[in-house]
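Scroll down for the structure; my scribbles are underneath it.
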Amino acid sequence: MASLPQWRRNLYILVSVQILSTAGFSLVFPFLPLYVKELGVATTGSIEFWSGLVFSSQALTMMFTAPIWGTIADRYGRKPMLIRASLGGAILVGAMGFAQNAEQLVVLRTIQGLVSGVIAASNALVAASTPPEKSGEALGLMQTGTWIGIAIGPLVGGVLGDAFGFRESFWITGVMLGLAAMAVIAWVKEDFTPQESKDRPGFLSSYRALIHAPDMAGLYSSTFLFSLARSVTLPIAALFVLELMGPTAAVATVTGMLMGFKAIVGSGSAVWLGKLGDRLGHPRVLLFGALLGVLLYIPQPFVTDAWQLVVLQALTGLVQGAMVPAIGALMNLRTPSGAKGAAYGLDNSVNAGGRMIAPMLGAAVAVWFGLRGVFALAGLVYVGSALVAWRIYRNSQRDHQSVVQPTTVEVGD
């Protein structure tokens, strides 16, 4: 690695960190609703309500704090923010293994949202140091690292949950996040020069400039809708597998397979689709991903066996492999100079907003229309995402035509 440029060395190290940290975070996802059920409720409310709140509470606080952390990253460096997120996550996730009821788990998840944000911090560091013409490849590789970790985590977590119980998985996650923080401290280098205070935009003005930059509002809308569609089924996935399979000992394992296979497909496709976006245009790949999401979610409310759901969910990894690198690369290209941390901090906030709303919305739809209705809702959200992606694509086509259109000069001018 000594002969590699610094941005590539950082990229490869951060991909490894991404794998380690996301594997740790996602290790508990397959059985988190089952853990809530095991802990029980000390006050009042249904298991479905508290299961949704466990997912939403972390996203709620992250939604408000992520833009603040992003601005701090632009002022003091992205590496310190990545270390803060990793160490904070290690301590809090480890503590969740000691929770005595659902309410305590929700409190810890709420605090986690105040300090975490590993993926956004990693992406901001990569985006700031990567040449623009390589942004699709780099962010696609980061997405591959994310989904490799998410693939490993649920598969291992489901097996551990069924074999040894749930608490141990939280402690293992804490150790993995701690190791990720140590790797960043030891090996990641950041050449960061802060802006002079007189040249530094204010907090609100920097975000106003982001929103008004070309396509950024549409990209943040894409992030929100994608996060909503991806997260709305999380609180009920294990319960739907239980409904399809009946009360067997393998429910957590099958749910882990459902999430893990999707992550494998996503990780395998992200680099290829990211490079394809560098060549053919990221708006085109974004539109393809959104339309594919619509097609793949249409049959999911009608499955009759767990294996059908696992196959269809695995194929949706292509949607994530297309959309996430495309959104990240377009943000990198559209973001004003010196605002990478703010851009990805706001993106993390919008993502968290989707993850905050999705579990409670999914739980409500499950109560009113049944578990199958939640998968139908995800398909409808992808319809909205496709409409936004189409507008971004049309804007890119119009901008391209305005650039390549030759200027006509009248004789005599």
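Can you tell me the FRET efficiency between residue 217 and residue 190 if r is taken as the Cβ-Cβ distance and R0 is 30 Å, rounded to the nearest 0.05?
0.55
Which order do the peptides 98-106, 113-121 come out in when sorted by mean C-beta neighbours inside 10 angstrom, highest first?
Ranked from most to least packed, the peptides come out as 113-121, 98-106.
I need the phi-derived Karplus couplings for the stretch 116-133: 6.51 cos²θ - 1.76 cosθ + 1.60, θ = phi - 60°, integer Hz, Gly and Pro marked x.
Running phi through 6.51 cos²θ - 1.76 cosθ + 1.60 with θ = phi - 60° gives 8, x, 5, 5, 5, 5, 5, 5, 5, 5, 5, 4, 5, 9, 9, x, x, 6 Hz.
Could you tell me how many degrees, from 0 to 90 and to the nearest 10, lie between the Cα long axis of helix 6-26 and the main elongation axis, the longest principal axis, of the Cα atoms of the chain?
For 6-26 against the chain, the angle is about 20 degrees.
From the helices alone, meaning DSSP H stretches of at least four residues, give me the mean residue ellipticity at 222 nm for the chain, per-run term -39500 (n - 2.57), in deg cm²/dmol to the nearest 500.
Result for the chain: -27500 deg cm²/dmol, rounded to the nearest 500.
Can you run the Rg to Rh ratio on the stretch 277-331? Use alpha carbon positions and the Kirkwood inverse-distance Rh.
1.10
If Rh is defined by the Kirkwood formula over all Cα pairs and Rg also comes from Cα, what ratio Rg/Rh do you get for the stretch 216-276?
Working: Rg = 15.4 Å, Rh = 13.7 Å.
Expressed as Rg/Rh, it is 1.12.
If I fit a long axis through the Cα atoms of helix 135-164 and take the longest principal axis of the Cα atoms of the chain, what angle between them do I get, 0 to 90°, rounded to 10?
Result, in degrees: 0.
Find the all-direction average of the projected area of the Cα convex hull for the chain, expressing the result in square nanometres with one decimal place.
For the chain, the mean projected area of the Cα convex hull comes to 22.6 nm².
Give the long-range amide H neighbours of residue 130: residues separated by 5 or more places, or on another chain, with amide H under 5 Å away, using H modelled in the peptide plane at 1.01 Å from N.
none
Expected output is a single nm value to one decimal: the length gained when fully extending between residue 390 and residue 295, i.e. 0.36 nm times separation in residues minus the C-alpha distance. What is it?
Using 0.36 nm per residue and subtracting the Cα-Cα distance, I get 32.6 nm.
For the chain, with a Gaussian network of springs between Cα atoms less than 10 Å apart, report the residue from 391, 78, 230 with the top mean-square fluctuation.
391
To the nearest 10 degrees, how steep is helix 102-115 against the longest Cα principal axis of the chain, on a 0 to 90 scale?
That works out to roughly 20 degrees.
Test of understanding: in a Gaussian network model of the chain with alpha carbons linked when under 10 Å, which of 88, 353, 40 would top the mean-square fluctuation ranking?
Ranking 88, 353, 40 by mean-square fluctuation puts 40 first.
With a 10 Å cut-off between alpha carbons and a GNM built on the chain, which of 275, 134, 79 moves the most?
With Cα springs under 10 Å in the chain, the top fluctuation among 275, 134, 79 is at 134.
What is the extension gain from residue 333 to residue 6, computed as 0.36 nm multiplied by their sequence separation minus the C-alpha to C-alpha distance, in nm to one decimal? Please report the intermediate quantities before stating the final value.
Working: separation 327, 0.36 × 327 = 117.72 nm, distance 2.02 nm.
So the chain would gain 115.7 nm between residue 333 and residue 6.
Express in nm, to one decimal, how much length is gained between residue 91 and residue 248 on full extension, taking 0.36 nm for each residue of separation and deducting their alpha carbon distance.
53.2 nm is the gain from fully extending residue 91 to residue 248.
In Å³ and rounded to a whole number, note down the convex hull volume per residue for the Cα atoms of the stretch 22-68.
90 Å³
Classify the stretch 1-141 from the C-alpha gyration tensor, please: rounded if a/c falls under 1.5, else prolate or oblate depending on whether a/b exceeds b/c.
In terms of gyration-tensor shape, prolate.
Go through the stretch 317-324 residue by residue and turn each phi into a ³J(HN,Hα) via Karplus (6.51, -1.76, 1.60, θ = phi - 60°); whole Hz please, and just put x for glycine and proline.
x, 4, 4, 5, x, 8, 6, 5
Sticking with the crude label model, points 7 Å out along Cα→Cβ, report the distance from residue 208 to residue 380 in nm, one decimal please.
Inter-label distance under the simple model: 3.7 nm.
When the scattering of the stretch 261-375 is computed by the Debye formula from its Cα atoms alone, each counted once and equally, what is log10 I(q)/I(0) at q = 0.12, 0.14, 0.18, 0.19 Å⁻¹?
-0.54, -0.71, -1.05, -1.12
For the stretch 31-42, just list the computed ³J(HN,Hα) in residue order, Karplus coefficients 6.51, -1.76 and 1.60, θ = phi - 60°, integers in Hz, with x standing in for Gly and Pro.
Whole-Hz 3J(HN,Hα) from phi for the stretch 31-42: 10, 4, x, 5, 5, 4, 5, 5, 5, x, 10, 7.
Where a number appears in this text, it was derived from the coordinates with a stated rule and is not lab data. The model shown is predicted, which means the values in this text are computed figures rather than measured ones. Positions of Cβ are backbone-derived with ideal geometry, glycine not excepted, and every protein chain shown enters the neighbour counts.
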